[in-house]
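Below is one structure, written out as structure tokens; the observations come after it.
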Amino acid sequence: MPETNDKMVVILTAPSGTGKTTVAAKILKQDAELTFSVSHTTRPIRDGEQDGVNYHYVDDATFDSMVESGAFAEWAHVHKRRYGTSLREVERSHEAGQDVLLDIDPQGGVQLMETYPDAVTIFMVPPSMIELERRLRGRGTEDEDQISTRLGVAREEIGYAARYDYLVVNDVVDRAADAIAAILQTERNRTSRNGSFIRELQAQGETS
Ligand code: 5GP
């Protein structure tokens, strides 16, 4: 695709435990035109995570002041913590000529559909609820209470799927990543995202 295409906001949502982070990491590795939007969160950092890479980890006061100053494109409470996408993060990617991938919960996704009506929206689901439970247990980061809470939340969250453009089932990571790559390729080929390239072609060799 020409470099002049209009840059995309890609919203990826999935109930926790679906394997979205793994699939997102794979797509980001394969797709040189796609950058991850690093959200702000008040939740504590987990083992293996890095500040500024997985999230910007901030305290409540910092989060409050960002809300007050209008720094967020959206923010939401998820599992009793706050998470937000800063407007600056999206702008930075677009200024660098990159599409931007947002890994956000359904409340945030729906808010962003209003801010970015042309966003490409993808909802990822597990192949079954039994498999989701197995994956949550296997992760070993939540106790039994938290697992049953997350399963309940997952059922509610799946209710948002129909508001998204695309549904991807994460049965096997490679297959889910391939499905998303195909969606992104298709979206990049939309004429509506390539107006400037079309005009540029028309202008080539024009004699005035
Ligand atoms: P985790 O704490 O497991 O990394 O993420 C918990 C949930 O928060 C996930 O569903 C993730 O998609 C969501 N999340 C991460 N960043 C954001 C954000 O900036 N905004 C919103 N609304 N949700 C987010």
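The values are calculated or read from the model by the stated rules, or taken from the named source; none is laboratory data. The shown structure was predicted, so the numbers you read here are calculated from the model rather than taken from an experiment. FYI the Cβ positions are ideal-geometry reconstructions off the backbone, even for glycines, and counts take in every protein chain you see. Ligands, DNA and RNA are stripped out before the accessible areas are found, and what is left, the full protein with its side chains, is counted by its heavy atoms. Shrake-Rupley method; radii C 1.70, N 1.55, O 1.52, S 1.80 Å.
The angle between the Cα long axis of helix 106-115 and the main principal axis of the chain comes to about 20°, on a 0 to 90 degree scale. Quick one: angle between helix 173-188 and the longest Cα principal axis of the chain, in degrees between 0 and 90, rounded to 10, please. Taking Cα atoms only, the helix is inclined about 30 degrees. Computed with a 1.4 Å probe over protein heavy atoms only, the accessible area of HIS79 comes to about 70 Å².
Taking trypsin sites (Lys or Arg not before Pro) in DSSP loop conformation with at most 12 other Cβ atoms inside 10 Å as exposed sites, the chain has its longest uninterrupted site-free stretch at 81-208.
Can you pull out the GluC sites (Glu not before Pro) in segment 42-101 that DSSP calls coil and that have at most 15 other Cβ atoms within 10 Å?
Answer by residue number: GLU49.
With the charge dipole of the chain set up from +1 on Lys and Arg Cβ and -1 on Asp and Glu Cβ about the Cα centre, the Cα lying farthest toward the positive end among the listed residues ILE147, ILE45, SER192 is that of ILE147.
If you count only protein heavy atoms with a 1.4 Å probe, what accessible area per residue comes out for segment 1-73, rounded to a whole Å²? List each step's numbers first, then the result.
Values: 3600 Å² over 73 residues.
Ligands and nucleic acids excluded, the figure is 49 Å² per residue.
Helical runs assigned H by DSSP (4 residues or longer) give the chain a calculated mean residue ellipticity at 222 nm of -13000 deg cm²/dmol, each run adding -39500 (n - 2.57) before division by the residue total. Axis angle, to the nearest 10 degrees, between helix 144-158 and the longest C-alpha principal axis of the chain: 40 degrees. Solvent exposure of segment 86-208 amounts to 57 Å² per residue of accessible area, where only protein heavy atoms count and the probe is 1.4 Å.
Percent of accessible area on segment 1-154 owned by carbon and sulfur, 1.4 Å probe? Before the final figure, lay out the partial values.
On the way: 3720 of 7550 Å².
Carbon and sulfur together cover 49 percent of it.
Filter the chymotrypsin sites (Phe, Trp or Tyr not before Pro) in segment 133-208 to those in DSSP coil with at most 14 other Cβ atoms within 10 Å of their Cβ, and list the result. Don't skip to the answer; put the middle values down first.
Working: sites: TYR160, TYR164, TYR166, PHE197; in loops: TYR160, TYR164.
Qualifying residues, ordered by number: none.
Distance from the Cα centroid of segment 51-67 to that of segment 167-208 is 33 Å (rounded to whole angstrom).
By the rule of a C-alpha distance below 30 Å, with chain neighbours fewer than 8 residues away ignored, the lysines paired with LYS7 are LYS20, LYS26, LYS29.
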